[in-house]
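All remarks here apply to the structure that follows.
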Amino acid sequence: MEKGAKVYIAGHRGMVGSAILRKLQGEGFDNIVTRTSAELDLRNQQQVADFFAAEKPDYVFLAAAKVGGIVANNTYRAEFLYDNLQIQNNIIHNSYLNGVKKLMFLGSSCIYPKMAPQPLKEEYLLTGLLEPTNEPYAIAKIAGIKMCDAYRAQYGCNYISVMPTNLYGYNDNYHPQNSHVLPALIRRFHEAKDSAAPSVTIWGTGSPMREFLFADDLAEACYYLMQNYNEEGLVNIGTGEDITIKDLALLIKRIVGYEGELLFDATKPDGTPRKLMDVSKLHSQGWHHKIELEEGIALAYQDFLSKL
Ligand SMILES: NC(=O)C1=CN([C@@H]2O[C@H](COP(=O)(O)OP(=O)(O)OC[C@H]3O[C@@H](n4cnc5c(N)ncnc54)[C@H](OP(=O)(O)O)[C@@H]3O)[C@@H](O)[C@H]2O)C=CC1
Ligand SMILES: C[C@H]1O[C@H](OP(=O)(O)OP(=O)(O)OC[C@H]2O[C@@H](n3cnc4c(=O)[nH]c(N)nc43)[C@H](O)[C@@H]2O)[C@@H](O)[C@@H](O)C1=O
């Protein structure tokens, strides 16, 4: 990507899109195109066609999506499938029609089979059944990978797909029910500290393992791969390290400074038992994460406090 190139970041107000925007601005890009969902509903085929025909971006980061935690995925199953298929189909197809030089599609580690061997290698895609709570979202993300590969094969489009692990960071979603575990627990421990509540309830058994990457690290990786990677298929983006939900809760509890007890609500779903990324392909490309979990949670908590 040349510094003067016109770059469209779809989803620039979200956690990931805003981190990519900061990264590109920091690198000196000054021709960045953005639209909020109120200005441009990416599910709408005609609106997206008109936008691409008018703006003709050179490069596209596809970081707009219907996103949420385990309960949101399981509750809004139709929206997670429909919205995500519409958004990505419209952007990928109109990028092709308007000669976009390169596009990055963001998927998720939930595309891998629920019981795949660990760590998750890119080649495990489509080798088994998906986790039921996020199957609609995962099916949409798998379709996005296959769209990029099909447009590369038939039309020669340089569209690449990256699969981030679970993310957290600035501008995260702190909704009590619909968010991911890390922001949900920052909020719950903070509110329990404020109200001197005797206990905090963690969903599920606490035994599932998850890997977490700070969104600004993800943005660094996306920028790096946009400059250096031009292949079909997918690339995992993560740290290669994971932690149980119980240990994550204990870490957040300590950082927030809450002193009560932990309770576990086994009526809430655990989801996939483990989804540790194999990051050897990413490391062989020359990229490694910088922000470790404890430091990242402290930064996210400061961001949460600053927006109260
Ligand atoms: N968060 C995570 O843990 C992970 C996220 N990812 C992927 O990273 C990408 C970004 O996620 P994240 O930043 O967390 O999500 P956010 O929910 O923070 O942001 C999503 C953005 O998408 C935009 N958007 C949603 N629907 C529409 C629509 N119909 N039309 C236009 N814009 C729309 C929103 O725009 P607006 O603000 O203007 O409404 C929003 O800014 C997604 O592809 C997601 O699947 C992958 C792995 C983990
Ligand atoms: C990024 C990823 O995000 C989703 O999958 P997930 O990894 O299961 O994400 P999660 O962060 O919601 O939960 C992780 C674990 O944590 C437990 N947990 C405890 N207490 C809370 C809690 O309070 N909130 C949430 N959300 N989870 C909690 C929860 O029960 C689960 O065992 C996908 O649907 C899919 O969209 C996707 O790609």
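Solvent exposure of region 78-127 amounts to 40 Å² per residue of accessible area, where only protein heavy atoms count and the probe is 1.4 Å. Of the peptides 193-199, 118-124, 69-75, the ranking by mean beta-carbon count within 10 Å, highest at the top, reads 69-75, 118-124, 193-199. If you sort the three axes of the alpha carbon gyration tensor as a ≥ b ≥ c, you get a/c of 1.5 or more for region 1-80 and a/b no higher than b/c, which makes it oblate.
Which of the residue pairs Lys66/Lys102; Lys23/Lys281; Lys23/Lys307; Lys101/Lys141; Lys114/Lys141; Lys121/Lys275 have a Cα-Cα distance greater than 19 Å in the structure shown? Show your work: numbers first, answer last.
Values: Lys66/Lys102 23 Å; Lys23/Lys281 23 Å; Lys23/Lys307 21 Å; Lys101/Lys141 22 Å; Lys114/Lys141 15 Å; Lys121/Lys275 10 Å.
In this structure, Lys66/Lys102; Lys23/Lys281; Lys23/Lys307; Lys101/Lys141 lie more than 19 Å apart at Cα.
Taking all Cα-Cα distances within the chain, those exceeding 32 Å account for 25%. For region 207-308, what class follows from the C-alpha gyration tensor (a ≥ b ≥ c being the square roots of its eigenvalues): rounded when a/c is under 1.5, otherwise prolate if a/b is larger than b/c, else oblate? Since a/c reaches 1.5 but b/c is at least a/b, the shape of region 207-308 is classed as oblate. Would region 104-176 count as rounded, prolate or oblate if I go by the C-alpha gyration tensor, calling it rounded below 1.5 in a/c and otherwise prolate when a/b exceeds b/c, oblate otherwise? The shape class here is oblate.
Restricting to Cα pairs below 8 Å that are 6+ residues apart, what does the relative contact order work out to for the chain? Please round to a whole percent. Intermediate values should be presented prior to the final figure.
Numbers: 594 pairs, mean separation 61.7, N = 308.
Rounded, it is 20 percent for the chain.
Among Arg13, Arg254, Arg43, the largest mean-square fluctuation in a Gaussian network model of the chain, built with springs joining Cα atoms closer than 10 Å, belongs to Arg254.
With protein chains left intact and a 1.4 Å probe, residues in region 247-308 average 53 Å² of accessible area per residue. Computed across region 17-174, the Kirkwood hydrodynamic radius from all distinct Cα-Cα pairs reaches 16.6 Å. Entry note, the chain: the mean residue ellipticity at 222 nm calculated from DSSP H runs of n ≥ 4, each adding -39500 (n - 2.57), is -13500 deg cm²/dmol after division by the residues and rounding to the nearest 500. For the peptides 277-286, 162-171, the ranking by packing is 162-171, 277-286, with the highest mean count of neighbouring Cβ atoms within 10 Å listed first.
Keeping all protein chains in place, calculate the accessible area per residue for region 146-217 (probe 1.4 angstrom), answer in Å².
Numbers: 2640 Å² over 72 residues.
Computed with neighbouring chains in place, this is 37 Å² per residue.
Carbon and sulfur atoms: what percent of the 1.4 Å accessible area of the chain do they account for? Show your work: numbers first, answer last.
Working: 6520 of 12960 Å².
For the chain, the apolar C and S fraction of the accessible surface comes to 50 percent.
The values are calculated or read from the model by the stated rules, or taken from the named source; none is laboratory data. Predicted, not measured: the structure shown is a model, and the values here were computed from it. Cβ atoms come from the backbone with ideal geometry, glycine included; neighbour counts cover every protein chain shown. Side chains included, ligands, DNA and RNA excluded: accessible areas come from the protein's heavy atoms. Shrake-Rupley method; radii C 1.70, N 1.55, O 1.52, S 1.80 Å.
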